[in-house]
Structure formats: C-alpha cells, structure tokens
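Reviewing the structure listed below.
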Amino acid sequence: MTKTIERTHVSAPIKPRLKVGVRVLSKGNSIFVGSADFGIELRSPCAREIVGQLNGSLSENEISANLKIPLEKVGEVITRLDEAHLIDTQLSKLEIYSRFNSHLKSESTQQRELALDGAHQQIQSKLIPELAFTTWLADVRDGGVFNIGSRRDIDLQIIGENRIASLLFGIMLASGVSNTSLLSSQETIQTQDICAGYFRASDIGLSLTRRTEELSRELSLFPLPQKIKKSEDLFPTRSLRVVLGKIPADQIQDWMSQGIPHLIIEDPDGASINIGPLVIPGSGPCLRCVRITREEENEIWKEIEWQRAFAQSLETPVAVAHSVAGTVALELLRFIDSGESTLIGSMAHIKYHSPCNTEHRNFAQHPACGCNW
Ligand SMILES: [Zn+2]
C-alpha cells in the first residue's frame, strides 16, 4: 500500500547552520553570536570567518578547506555554538502528501518539479515561521523540522460551542496539527460565531460540521485529502482533548482511564476567564482534585459551580477570544512538541481589563481524590 503521509527522518549530523534569528556582532577582536537575551563571545581569531560559513550548505571539512583553517579549529567553534544551542547540525527530511513525493522518480527529478510547483512553494513559505518556534526548543538541532512533521501524529479534538473553540480549531490546523476536529452540539453557524475569525457573515445558518470540514482543507498547514479516510497511515498515535465551557463528566472519566491528556477552558466568570489545568492522567492533579481544592478554600465556590453548570454560557468579547485562543494554542503546541506546558497542574487566570498580568494558580493531587491511588 502507498503511504499517504510519511514521517520525518533524522539523518546523521551534517552541514551546520546558524539558527534562525541568531545575530553576529563584532566586539573588537572577538565576535558575539546570539540574541539580545543570550549569546556567547568567541575570541578565536578565525571565528568570524568560520561563523560566516555556517549556512547549512557546507560541511566542517569543506569550511576547513575553503578557509584554509585546521579542521580542529573549525570543530572547536562549531562545538561551542552547538553547546550554546545557536546552530542546527542535523537534517530532517519532511515528506508531505504523496502528490509531492513519488517513489518512481529520482530525487533530482522530484526537486526540479517541486521548484516549479506553486502549492509546494506555498507550503515551504508557510513552514518557515512555524520552524522559528520549534527550532528554539531544547535539544532541537534540525531546525525544528522533525517537530513540525510530528504534529500530524496528534488526534486533537476541540469540544465546545464558543468563539475560542472555532479560533483554536483554525490556529491548530494552520500550525500543522492536521488531525484537528471541532466537536460542537451546535448544528449551524450563528451570528455570535462571527468574530473576525474563520467564519464569515455568509456562513451564518450553514452546517457547522460541513463548513469546518471545508475550512480544514483551506487552513491546514499540510495538504489534506478531499475525503479523509481513516487509513492506518493517516491515523495518529497520540491523542489530546480541549474542552471549552461545560465539562462532560463521563468523557473526562474515559480520558482518565485511557490516559488521554485534556485541557479545560472554563466559561467566563465576570470579566475574567480561567485556562487550565492541562491534566495528564496518572501524573499530577486531575479535575476532581482541582474541584475539591477549590471547594475547600472557598465556601461559595460549590454554589457558583452548581449555578454555572445550568446557566447559559457567556460568549467572550472578540479581543478576549483571540487572545485566549492564541495563548492556548501556544501552550498546546509546546506540549505537543516537547511534552511541556505551563498549564500542567496549573490554572491561568486572565482578566479582560489586564490581560498581560496573567495570574497562575498551581494545584496538587488531593488526598481525597482517588486519582493517585
Ligand atoms: Zn484527582
């Protein structure tokens, strides 16, 4: 069977290149390599020439031969830059949809054809900004290519009816999480869904399911087939869930027992909204731990929670919806790429009138909850 999507492959270390955004500054007899936040000073007299050759097209041997500098000296500079996480030293090949790859054609023929393919060029240009995120993750040495390709291995379900849900859906697809779906009890697109996002005024009244399917193909970073078949090759191996608003207790239980990480974004509370925690089953607090802790600390919390469970959800202002969707998308991408997130066991409290002053509240497993037995 022909594979529709192939995973990325990491090869042996090869031609080093400075990471995107790294600056090289002259400092008398030395040079500074880095950014405003951090960097290193290289005092070697030939460092400037060597760094000038780190463009990803020359090997250590070729740089040494070009500059007539001993291989050992070139190696020393490269090692220092590598230890400071300022260069990429590996090459990962990102294979995209089968249309762009044929096993019957030679590599050079494929490259010639790809150079003329507008759709392939579009993907390349959309990938560059995404790689600027992944290349700076710890231990990444391939420009972030492997991480971007691996985002297709996530089955992400966003469950909710509000603006944040639809914005998050689009952002995650456009960031390379191709297997993202939006699940809503709402059947058609409503006036309130229009929020300078992916739905337009002309979408009002259309089927939400059909429109989001169309949007998936339009927004996705990687090309999606016209009809997504759940073939073995396309089926992702990792799962992640995001719930917005009312929490479906039975589903949470299923995710806990299946070990599926899930993030909660509560309905707004006055002019504020809580994001998190991101629950990793079997590790850290679950939602029940959080609920018990909140009830113990605040007498009225239980009653408020009870009222909110039956009240109609408040929609967020447009600016809040975009801000929250962007912040949550960044945390989810970091979690998908590296397994880390500030929201693991922690809740972010965002106030509409003071959005940059996010408060964080950490939770621990509660002894009265059975999740740590
Ligand atoms: Zn628990």
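Between R23 and E214, what FRET efficiency follows from the Cβ-Cβ distance if R0 is 51 Å, with the result rounded to 0.05?
FRET efficiency, R23 to E214: 0.75.
With an 8 Å cut-off on Cα pairs and a minimum separation of 6 or more residues, tell me the relative contact order of the range 17-88 in percent.
Once divided by the residue count of the range 17-88, the mean separation gives 32 percent.
Let me have the 222 nm mean residue ellipticity of the chain computed from DSSP H runs of 4+ only, each contributing -39500 (n - 2.57), with the sum over all residues rounded to the nearest 500.
-11000 deg cm²/dmol
In whole Å, what three semi-axes, largest first, describe the equivalent ellipsoid of the chain built from its Cα gyration tensor (square root of 5 times each eigenvalue)?
43, 27, 19
Please check: in the Gaussian network model of the chain (C-alpha springs, under 10 Å), which one of F363, F199, F32 has the largest mean-square fluctuation.
F32
Principal axes first, then extents: for the Cα atoms of the range 150-372, list largest minus smallest coordinate on each axis, whole Å, largest first.
Largest first, the range 150-372 extends 51, 38, 32 Å along its Cα principal axes.
Explain nothing, just the number: relative contact order of the range 150-372, from Cα pairs under 8 Å at least 6 residues apart, as a whole percent.
With pairs under 8 Å counted, the relative contact order is 22 percent.
Show which aspartates and glutamates lie in cross-link reach of K246 when reach means a straight Cα distance below 12 angstrom and same-chain residues fewer than eight apart are skipped.
Within the straight-line cut-off, K246 pairs with E161, E266, D267, E305.
If you restrict to DSSP beta bridges whose two residues both lie in the chain, what percentage is antiparallel, to the nearest 5?
Percentage antiparallel, nearest 5: 65.
In 10 Å bins starting at zero, report the fraction of Cα pairs in the range 258-345 per bin as a rounded %.
14, 42, 36, 8
Suppose a student asked you for the relative contact order of the chain, using Cα pairs under 8 Å spaced at least 6 residues apart; what percent would you report?
14 percent
With a 10 Å cut-off between alpha carbons and a GNM built on the chain, which of E340, E331, E83 moves the most?
E83
Got a sec? How would S185, S166, S239 order by Cβ neighbour count within 10 Å, fewest to most?
In increasing order of surrounding Cβ atoms, one gets S185, S239, S166.
Taken together, the values in this text are just the output of simple stated rules run on the coordinates, not laboratory data. Predicted, not measured: the structure shown is a model, and the values here were computed from it. Here Cβ is always computed from backbone atoms with ideal geometry, including for glycine, and neighbour counts include all displayed protein chains.
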